[in-house]
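This report concerns only the one structure given below.
The values are calculated or read from the model by the stated rules, or taken from the named source; none is laboratory data. Note that the structure is a prediction, hence the values are computed from the model and not measured. Cβ placement follows ideal geometry from the backbone for every residue including glycine, while neighbour counts extend to all protein chains displayed.
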Amino acid sequence: MENILVIGAAGQIGSELTLALRKIHGNNHVFATDIKDASSDIKNGGPYQLLDVMDDKLLIHFVIRHKITQIYHLAAVLSGNAEKLPLQAWHINMNSLMNVLEIAKLVEDVKKVFWPSSIAVFGPSTPRKQTPQLTTMEPSTVYGISKLAGERWCEYYFKKYDVDVRSIRYPGLISYKTEPGGGTTDWAVEIYYDAVRKGSYTCFLKKDTKQPMLFMEDAINATIRLMEVNNKRLKLHTGYNIMGVSVSPEEVAAEIRKHIPGFKISYAPDFRQDIAMTWPESVDDSLARMHDDWKPYYDLNRITEIMLMQIKKKETET
Ligand code: SER
């Protein structure tokens, strides 16, 4: 029987992953935590507690008291926000990971850790198309530097202390339940919300800047499958490249127009355009596909249909 701790359960990934894990492991075995209030389905569907991952003493007590066997550490400051307060972002992103790795090393019950890496580990000297798993990595953002350093620490803890850390380099994640905040790929969520609410969107990237994206349901499946794979089949303990579709704002806009013909998009690129240009437009995820036959289900057509339908539903309910 697993007891799972989700850190960052109110965030874009956590708010969906927690529910998926509760379906598999039982409501009472998945402990949702965050520093901010979570949605009612997270709070009422199983254990939920306000908890700050930066507080290593409280965290280790929590882990011991609830006999935690797996930790999903999803809390982070995203790329755009991190550029505004670099040292604080570095401190939060790195120290939270180090707290979790140390606890996994010290507490015997903890068998596995999941920590999300990102396409931000790549940089201006990385090939932007079909970016290989292993390539030049010289990230130029604080967020990217913290993710690359984090990957190295994950592997270090695996090799030195046998901590079974697993990780995915998420591309932009498209979801309707919880909006992301402060990221460079956020436009791919904002565009759908604004299409429904206003019929128009002003994009902070240029129209033809492609980025790799993945629909949340595919991301959750990939994550859970990765955590369930037998240790011996794992190829690496850093981050696996994965993606669903490679799309630009003008391509998403064209897809939205199939449902909302009058949809208008304008462009006002900001500092995130420069960040996007240092990240891949697509990644080679053959390693992830190979090790457990994972593949994404959602293409842009399906993503657009679901996003517009679910956001319309949410808007009429509120
Ligand atoms: N979605 C993240 C960001 O844009 C990338 O991992 O910061």
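Could we say that Gln273 is away from the ligand (no atom under 12 Å from the Cβ) and touching a residue at least 12 places away in the same chain (Cβ under 8 Å) here? So Gln273 fits the description; yes. Taking (1) in contact (Cβ under 8 Å) with a residue 60 or more places away in the chain; (2) over 17 Å from Leu205 (Cα atoms); (3) surrounded by 14 or more Cβ atoms within 10 Å (Cβ to Cβ) in turn, Lys314 satisfies each apart from (3).
Answer yes or no as to whether Val30 is crowded, with 23+ Cβ neighbours inside 10 Å, under 25 Å from Glu108 (Cα atoms) and modelled with pLDDT of 95 or more.
So Val30 fits the description; yes.
For the range 223-276, which residues satisfy the criterion of being under 22 Å from Gly172 (Cβ atoms), among the acidic types (Asp, Glu) and within 23 Å of the chain's Cα centre (by Cα)? Of everything in the range 223-276, those that are under 22 Å from Gly172 (Cβ atoms), among the acidic types (Asp, Glu) and within 23 Å of the chain's Cα centre (by Cα) turn out to be Glu251, Asp270, Asp274. Among the residues making up the range 95-140, those that are surrounded by 20 or more Cβ atoms within 10 Å (Cβ to Cβ), touching a residue at least 60 places away in the same chain (Cβ under 8 Å) and assigned to a loop (DSSP other than H, G, I, E, B) are Pro116, Phe122, Pro139. Val165 meets all of the listed conditions (1) more than 14 Å from the ligand (Cβ to nearest atom); (2) surrounded by fewer than 23 Cβ atoms within 10 Å (Cβ to Cβ); (3) aliphatic (A, V, I, L, M); (4) under 19 Å from Val121 (Cβ atoms) but one, namely (2). The condition (being in contact (Cβ under 8 Å) with a residue 60 or more places away in the chain, β-branched (Val, Ile, Thr) and not in a loop (DSSP other than H, G, I, E, B)) is satisfied by just one residue among Thr184, Thr202: Thr202. Would you point out the residue of the range 115-140, among those that are touching a Phe, Trp or Tyr at 6+ places or on another chain (Cβ under 9 Å) and charged (D, E, K, R), that is nearest to Val283 (Cα to Cα)? The extreme case among them is Arg128.
Each residue in the range 168-181 was checked for being within 12 Å of the ligand (Cβ to nearest atom) and modelled with pLDDT of 95 or more, and 8 of them qualify.
When Thr209 is tested against (1) over 19 Å from the mean Cα position of the chain (by Cα); (2) more than 16 Å from the ligand (Cβ to nearest atom), just one condition goes unmet, and that condition is (2). For Cys203, the criteria (1) within 13 Å of the ligand (Cβ to nearest atom); (2) crowded, with 23+ Cβ neighbours inside 10 Å; (3) not β-branched (Val, Ile, Thr) hold in every case but one, which is (1).
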